[in-house]
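Colleague: Before anything else, here's the structure in question.
The values are calculated or read from the model by the stated rules, or taken from the named source; none is laboratory data. Treat the numbers as computed from the prediction; the structure is a model and nothing was measured. Cβ: placed from backbone, ideal geometry, glycine included. Neighbour counts: every protein chain shown.
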């Protein structure tokens, strides 16, 4: 198992460490519920250094990104970030990712740790324009500082005007005395905040600075357990659960990042799917009955007992105080308000289809 540059910090803080995407990662520190609510109300810090960072430079960089991703990268300008995905050639998704435009013909692609090698091979094999590509994933650390007090927590650490940064933008500058730090207004919680990229040898310094600067904001180290409950409350997809190489971006509700104003991998087939309408769709479920929490793989049934879908993610929502779930449901059962049942062992839970996010 790999370890992030902050592994010793997590152990010293008493974090419960678990295997995740090939890394030993902190799943919780003081407790999932406390950490979750603190991000919603104050600010939490996640070590998400397991994520992958690919840098693309050169005249053909935009063209390469345009051909392999679903979103329209031509709309990006320096300082902008875009959520996108890598479609495969059979209707599914290689990975979802963030595309950072650092400068003209200079991009950073942030990919999921579990897909790092697969993504690199996929993009590199399509690099016909001699774009300079470097995989710096093992050299970079990443902190997600998330919550409504994130600006207050980090503003004293940098001369960057973080308070005025709009959603999905980035700046590069000095942070906690470290040069060339990438600060972006991205995240996976729906609570607002920043993601901060820097070299591994500066990890301890930046972690300590953030924790000290955020003391007046009730800052807490936060683990992957709360990261999952936070993202689920927003209905954000998790690769390997809610999207994979057999689910199309249109089925996953990612039509908004699938732009047919250009050609990309499998774009003609996806355009035909859009025209015909999807046969299944990723939706949320409001769990109406008390009982066990729906988990990945549980069957979804219509009111007559016919299997119409499968759960992809489920949890107990700390903010809502009840169970929530995500899953794919066959047409025509994915309309908002449709009553369904979720089969968990020998129990059928009443549920109702709802639109994301769960937390309004």
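Colleague: Here are some residues: 90, 69. Which one is buried (at least 22 other Cβ atoms within 10 Å of the Cβ) and closer than 30 Å to residue 277 by Cα? Explain how you work it out, then say what you get.
Modeller: Values: 90 fails: buried (at least 22 other Cβ atoms within 10 Å of the Cβ).
Only one candidate qualifies: 69.
Colleague: Any residue in segment 59-88 that's outside the structural domain of residue 247 (by TED's automatic domain parsing) and farther than 14 Å from residue 262 by Cα: show its pairings with residues that are crowded, with 18+ Cβ neighbours inside 10 Å and at pLDDT 95 or above at Cβ separation under 7 Å, as long as the two are six or more apart or on different chains.
Modeller: If the second residue must be crowded, with 18+ Cβ neighbours inside 10 Å and at pLDDT 95 or above, no pairs are left.
Colleague: For segment 89-107, which positions are over 23 Å from residue 172 (Cβ atoms) and assigned to a loop (DSSP other than H, G, I, E, B)? Please lay out each step first, then the result.
Modeller: Narrowing segment 89-107 to residues over 23 Å from residue 172 (Cβ atoms): 89-96.
Scanning segment 89-107 gives 89, 90, 91, 92.
Colleague: Give all pairs with beta carbons closer than 9 Å in which a residue from segment 19-41 that is surrounded by fewer than 18 Cβ atoms within 10 Å (Cβ to Cβ) meets a residue that is modelled with pLDDT under 95; count only pairs at least 6 apart in sequence or on separate chains.
Modeller: Within 9 Å, the pairs are 19/1; 22/1; 24/1.
Colleague: Additional query: Kindly indicate which of 110, 181 is part of a strand (DSSP E or B) and either within 17 Å of the chain's Cα centre (by Cα) or under 20 Å from residue 66 (Cβ atoms) (or both).
Modeller: Values: 181 fails: either within 17 Å of the chain's Cα centre (by Cα) or under 20 Å from residue 66 (Cβ atoms) (or both).
Result of the check over 110, 181: 110.
Colleague: Examine segment 189-210 for a residue that is more than 30 Å from residue 149 (Cα to Cα), out of contact with any helix residue (DSSP H, G or I) (no Cβ under 6 Å at 6 or more places or on another chain) and surrounded by fewer than 23 Cβ atoms within 10 Å (Cβ to Cβ), and state whether such a residue exists. Spell out how you get there, then give the answer.
Modeller: In the first step, residues of segment 189-210 are kept if they are more than 30 Å from residue 149 (Cα to Cα); the result is none.
No; the residues of segment 189-210 include none that is more than 30 Å from residue 149 (Cα to Cα), out of contact with any helix residue (DSSP H, G or I) (no Cβ under 6 Å at 6 or more places or on another chain) and surrounded by fewer than 23 Cβ atoms within 10 Å (Cβ to Cβ).
Colleague: Something else: Of these, 253, 321, which one is closer than 28 Å to residue 36 by Cβ, free of Cβ contacts under 8 Å to residues at least 12 places away in the same chain and either surrounded by fewer than 21 Cβ atoms within 10 Å (Cβ to Cβ) or not assigned by TED's automatic domain parsing to the domain that holds residue 347 (or both)?
Modeller: Numbers: 253 fails: free of Cβ contacts under 8 Å to residues at least 12 places away in the same chain.
Matching residue, one of 253, 321: 321.
Colleague: Quick check on this structure: which one of 214, 225, 235 is in the same structural domain as residue 167 (by TED's automatic domain parsing), buried (at least 19 other Cβ atoms within 10 Å of the Cβ) and over 30 Å from residue 352 (Cα atoms)?
Modeller: On the way: 225 fails: over 30 Å from residue 352 (Cα atoms); 235 fails: over 30 Å from residue 352 (Cα atoms).
Among 214, 225, 235, only 214 is in the same structural domain as residue 167 (by TED's automatic domain parsing), buried (at least 19 other Cβ atoms within 10 Å of the Cβ) and over 30 Å from residue 352 (Cα atoms).
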